[in-house]
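Have a look at the structure below, then the notes.
Nothing in this text is a laboratory measurement; each read-out follows from the coordinates by a stated rule. Not measured: the values here are computed from a predicted model. Neighbour counts run over all protein chains shown; Cβ positions are idealised from the backbone, glycine included.
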Amino acid sequence: MSGTVRISKPTKSAMQSGRAKTKRWLLEYEPSDRVETDALMGWSGSHDTDRQLNLWFATKEEAVAFAKAKGMNFAVVEPHDRTIRPKSYADNFAFTRIR
């Protein structure tokens, strides 16, 4: 099992409001084979079965240690931290509000 893998922390999907599945680190293989379209059914598929494998880790260090132990080439994609500005409902009615 040696190949190129990407270690990242996935972002939340547009269909969810919370950030429940964004706390763990994901190790996934880079595609090594092209996607082909089936002539009869029109489905797309590939001979690359490593694409189906997703490994989840609690920390980045665990994922990097696993990749090093298995002899994989890896790239770590650092997450962008989200800035949260505190808001108040009363700010909608403030006298200094710009209209």
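What to note about this one:
- Phi angles across the stretch 81-87 convert, under the Karplus curve 6.51 cos²θ - 1.76 cosθ + 1.60 with θ = phi - 60°, into 3J(HN,Hα) values of 6, 8, 9, 10, 8, x, 10 Hz, Gly and Pro given as x.
- Under 26 Å, Cα to Cα: Lys pairs in the chain, sequence gap 8 or more or different chains: 19
- Between Val77 and Glu30, the modelled labels are 1.2 nm apart [label points 7 Å from Cα along Cα→Cβ].
- For His47, the shell of other residues with beta-carbons less than 11 Å away shows a net charge of -2, using +1 for Lys and Arg and -1 for Asp and Glu.
- Estimated at 0.36 nm per residue, the fully extended path between Glu61 and Ala20 surpasses their Cα-Cα distance by 12.7 nm.
- Karplus 3J(HN,Hα) series, Hz, for the stretch 36-48 with 6.51 cos²θ - 1.76 cosθ + 1.60 (x for Gly, Pro): 10, 9, 6, 5, 7, 9, x, 6, 9, x, 8, 8, 8
- For a label point 7 Å along the Cα-to-beta-carbon line of Lys87, residues of the stretch 1-29 with backbone N under 20 Å: 12-20
- Looking at the chain, the DSSP beta bridges with both ends there are about 65 percent antiparallel.
- Our Cα-only numbers for the chain put the radius of gyration and Dmax at 20.8, 67 Å.
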